[in-house]
Amino acid sequence: MTNFRILIADDHELVRKGLRSLLQEHPGWEVCGEAADGLETVRKAEELLPDLIALDVAMPNLNGLEAARIVLQKNSKVKILFLTMYESEQVVREATQVGAKGLILKSDAARDLVSAVEDLQRNSTFFTSRALQSSIDLDLRRQPRAFIKQTLTPRERQVVQLLAEGKSTKEAAAMLGVSVKTAETHRSNIMRKLDLHSAGELVLYAVRNNLIQI
């Protein structure tokens, strides 16, 4: 019988080791790989074809939400279990919109991780009670910035994150595999769409919309 293959994606090595120790002892499960940022997660997902990705929401170069979008576009069968350090109503909503089957708080991982993976393996879902309540609360109180964020394309959101993290346009182009001219065009379109006029405003937008975390 084929093992249930799990990819662990988190930018902290200590966290990855902790998650691995919780998962690898379970009969029938195999931790097939690790990734330290969002772009590596996308590459490893395509190379290793995991059944499930335990995916940190806040990662450098490409955050977990954007990485999940790309992964699921290429392979809709992979199950996404998000892990996050902070309770955020908007993150819970976006996680479900992306197509995640579960979300747990990192502080609850020792208690909930194995149960969450078991549920997702059975084609069920698992959201921590606090995360689920956050989602319910958000249904009653819409975020006013949600429409603004949707005006950006997935590629533009990737460029926003890289620029907000301090990458130059040239560095962003190299990481995304596009020309510098294309990256500059994305940057111009972003600033125009969002009516932003400085790098500081771009960073503030990225923080407010969970593309990066301080």
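No value in this document is a laboratory result; all are computed from the given coordinates. Since the structure is predicted, the reported quantities are computational estimates derived from the model, not experimental observations. Glycine also receives a Cβ, built like all others from the backbone with ideal geometry; neighbour counts cover every protein chain displayed.
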Farthest toward the dipole's positive end in segment 146-208, which of 172, 205, 186, given Cβ charges of +1 (Lys, Arg) and -1 (Asp, Glu) about the Cα centre?
-> 186
The rounded separation in angstrom of the Cα centers of segment 1-16 and segment 173-205 is 32
Along principal axes, Cα extents of the chain, largest first, whole Å = 53, 40, 29
For a label point 7 Å along the Cα-to-beta-carbon line of residue 47, residues of segment 18-33 with backbone N under 18 Å = 31-33
Give the residue from 120, 90, 45 lying farthest towards the positive end of the charge dipole for the chain; charges sit on Cβ (+1 for Lys and Arg, -1 for Asp and Glu) and the dipole is referred to the Cα centre.
-> 90
Neighbour-count ranking for 11, 195, 112 (other C-beta within 10 angstrom, fewest to most) reads 195, 11, 112
Mind running the shape call on segment 50-126? Use the C-alpha gyration tensor, a ≥ b ≥ c as the square roots of the eigenvalues: rounded below 1.5 for a/c, prolate if a/b tops b/c, oblate otherwise.
-> oblate
Nearest-0.05 FRET efficiency for residue 170 and residue 13, computed from C-beta distance (R0 30 Å) = 0.60
Residue 77 paired with residue 122, simple spin-label distance in nm, labels 7 Å along Cα-to-beta-carbon | 2.2
Just the Cα atoms of segment 1-89: what Rg and Dmax do they give in Å?
-> 12.2, 39
Using Cα positions and a limit of under 15 Å, work out the aspartates and glutamates in reach of residue 101, with same-chain residues fewer than 8 apart set aside.
-> 51, 56, 112, 118, 119
Average Cα contact separation per residue, the chain, under 8 Å, 6 or more apart, as relative contact order % | 16
In deg cm²/dmol, rounded to the nearest 500, the helical mean residue ellipticity at 222 nm of the chain, built from -39500 (n - 2.57) for every DSSP H run of length 4 or more, is -16500 deg cm²/dmol
